Amino acid sequence: MQIIDLEKVGLRRVNEMLQAQSSKLTHQAWSIMNPKGSHAIAVGVDAPLKINIDGSTGYYCGGMNQKARITIHGSAGPGVAENMMSGSVFVEGDASQYAGATGNGGLLVVKGNASSRCGISMKGIDIVVHGNIGHMSAFMAQSGNLVVLGNAGDALGDSLYEANLFVRGSVKSLGSDCIEKAVRSEHIELLQRLLTQSNTDAAPTEFKRYGSARKLYNFNIDNAFKY
């Protein structure tokens, strides 16, 4: 394992070392010490690395991740795993606002709570939050899956397209064009896979599913006042 003290090496050099692994893989396992809330740690990684960050991080940790498994042993600031393409990011603590924003693929797991706008404009990412999520989560979500073991705040799924939203707890309110939908056998299978991957023993049958009513993105003159 390659052990790096971020406080001594510096953020720019750490990211250069991680990004260089895409062209020449020298170490697969990495441990980053003393993050101390630094921003943009392990962004743009494009190699099958296992990266452990020993502490809390600032904004955009793991952004644009491809292939790597990143574990944050603490909490994460705004935009963790933003625009992730593949691989995974595990947050052992809480996540700040817009976690997993615009994510195209991969898996984001938050063991604690996630703040507002979790999964905003998600485009294929899978997000599993063990705790609660804040308001306007999955706003304009296009595809992918958001799984919440706790409760959801106001305006869940506002203006979403074709993403699946699964919530085990209560939902304070649904956003425009978001409705409750049936949980079918394929959704139970999907939930079981995501719950297993995120290391929780919650039962998939305990969740409700929410999705788009498909009235906003198909123009109808009778709904003009909603636009």
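When you look at residue 47, is it at pLDDT 95 or above, out of contact with any Asp or Glu (no Cβ under 8 Å at 6 or more places or on another chain) and farther than 26 Å from residue 143 by Cβ, yes or no? Here the answer is no, as residue 47 does not meet what is asked.
Residues in segment 150-164 that are touching a residue at least 24 places away in the same chain (Cβ under 8 Å) and either among the hydroxyl-bearing types (Ser, Thr, Tyr) or surrounded by fewer than 22 Cβ atoms within 10 Å (Cβ to Cβ) (or both): 150, 153, 159, 161, 162.
If you check residue 41 against the conditions, is it assigned to a strand (DSSP E or B) and surrounded by 16 or more Cβ atoms within 10 Å (Cβ to Cβ)?
no
Among the residues of segment 102-116, what is the count of those that are touching a Ser or Thr at 6+ places or on another chain (Cβ under 6 Å) and either crowded, with 24+ Cβ neighbours inside 10 Å or not in a loop (DSSP other than H, G, I, E, B) (or both)?
Taking segment 102-116 and keeping what is touching a Ser or Thr at 6+ places or on another chain (Cβ under 6 Å), we get 102, 105-107, 109, 115.
Cutting the leftovers down to either crowded, with 24+ Cβ neighbours inside 10 Å or not in a loop (DSSP other than H, G, I, E, B) (or both) gives us 106-107, 109.
Total meeting the criteria: 3.
Provide a single number: the residues in segment 68-91 that are assigned to a loop (DSSP other than H, G, I, E, B) and either hydrophobic (A, V, I, L, M, F, W, C) or under 15 Å from the mean Cα position of the chain (by Cα) (or both). Total meeting the criteria: 13. If you go through segment 90-120 and keep only what is more than 17 Å from residue 152 (Cα to Cα) and of a type in the set (Gly, Ala, Ser), you end up with 93, 103, 105, 106.
Scanning segment 26-38 for residues being surrounded by fewer than 18 Cβ atoms within 10 Å (Cβ to Cβ) and in a loop (DSSP other than H, G, I, E, B) gives a total of 6.
Residue 91 fulfils the conditions (1) in contact with a Leu (Cβ under 7 Å, 6 or more places away or on another chain); (2) over 24 Å from residue 215 (Cβ atoms) except for a single criterion, (1).
Among the candidates 93, 119, 87, the residue that is closer than 18 Å to residue 59 by Cβ, in contact with a strand residue (DSSP E or B) (Cβ under 8 Å, 6 or more places away or on another chain) and surrounded by 20 or more Cβ atoms within 10 Å (Cβ to Cβ) is uniquely 119. Pairs meeting the criteria (first residue in segment 9-25 and in a helix (DSSP H, G or I), second residue of a type in the set (Ser, Thr, Tyr), beta carbons under 8 Å, at least 6 apart or on different chains) are 11/38.
Hey, among the residues in segment 48-59 that are in a loop (DSSP other than H, G, I, E, B) and on the phi < 0 side of the Ramachandran plot, which one's nearest to the chain's Cα centre (by Cα)? If we take residues in segment 48-59 being in a loop (DSSP other than H, G, I, E, B) and on the phi < 0 side of the Ramachandran plot, then 59 is nearest to the chain's Cα centre (by Cα). The residue that is nearest to residue 203 (Cα to Cα), among those in segment 134-169 that are at pLDDT 95 or above and of a type in the set (Asp, Glu), is 154. When you check residue 62 against the structure, is it part of a loop (DSSP other than H, G, I, E, B), touching a residue at least 12 places away in the same chain (Cβ under 8 Å) and out of contact with any helix residue (DSSP H, G or I) (no Cβ under 9 Å at 6 or more places or on another chain), yes or no? Against the criterion (part of a loop (DSSP other than H, G, I, E, B), touching a residue at least 12 places away in the same chain (Cβ under 8 Å) and out of contact with any helix residue (DSSP H, G or I) (no Cβ under 9 Å at 6 or more places or on another chain)), residue 62 qualifies.
For segment 125-176, filtering for residues that are in contact with a His (Cβ under 6 Å, 6 or more places away or on another chain) and on the phi > 0 side of the Ramachandran plot leaves 1.
For segment 55-93, the set of residues classified as over 15 Å from residue 197 (Cα atoms), touching a Phe, Trp or Tyr at 6+ places or on another chain (Cβ under 9 Å) and of a type in the set (D, E, K, R) consists of 82 only.
The values are calculated or read from the model by the stated rules, or taken from the named source; none is laboratory data. This one's a predicted model, so the numbers in the text were calculated from it and none came from an experiment. Note that we place each Cβ from the backbone using ideal geometry, even for glycine, and neighbour counts take in every protein chain shown.
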